[in-house]
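Undergrad: Quick one: the structure is below, questions incoming.
Bear in mind that the values in this text are calculations on the coordinates, not laboratory data. All figures in this text were calculated on a predicted structure; none of them were measured in a lab. With ideal geometry, Cβ positions are generated from the backbone for all residues, glycine too; neighbour counts draw on all protein chains shown.
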Amino acid sequence: MDAVDPTVFRLAIFVLAIFVGYYVVWSVTPALHTPLMAVTNAISSVIIVGALLAAAAHASGGGTAWVSKGAGAVAAGLASVNIFGGFLVTQRMLAMYRKKDKAK
């Protein structure tokens, strides 16, 4: 009996994580959305730190520094969009709970 190829094993875990993430996110009640969004923004800020470190990497021997610099720049850009969008959604969710001013 042959062992499972590690690439297939990792791909299967990735696909399962997509399904679990989908069902977890869509099962969240609106009352819990804002705290979860705050945690997501905190995680994205850690991702930005790692992306900036990757973008500042130096090539140690090979000429592949452009790969890490490019991947770091793309990761920093996408995480920035995620943080900005998260703050916009959080602001909108909190605005739903504010009392409306009555017109005089």
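Undergrad: So is Lys99 of a type in the set (D, E, K, R), at negative phi and surrounded by 11 or more Cβ atoms within 10 Å (Cβ to Cβ) or not? Steps first, answer last, please.
TA: On the way: of a type in the set (D, E, K, R): yes; at negative phi: yes; surrounded by 11 or more Cβ atoms within 10 Å (Cβ to Cβ): no.
No: the conditions fail for Lys99.
Undergrad: Oh, and also: Sort out for me the helices (runs of 4 or more DSSP H) sitting completely within region 1-101 that have 1 or more residues that are touching a residue at least 24 places away in the same chain (Cβ under 8 Å).
TA: Details: elements: 6-26, 30-55, 65-96.
The helices (runs of 4 or more DSSP H) meeting that bar are 30-55, 65-96.
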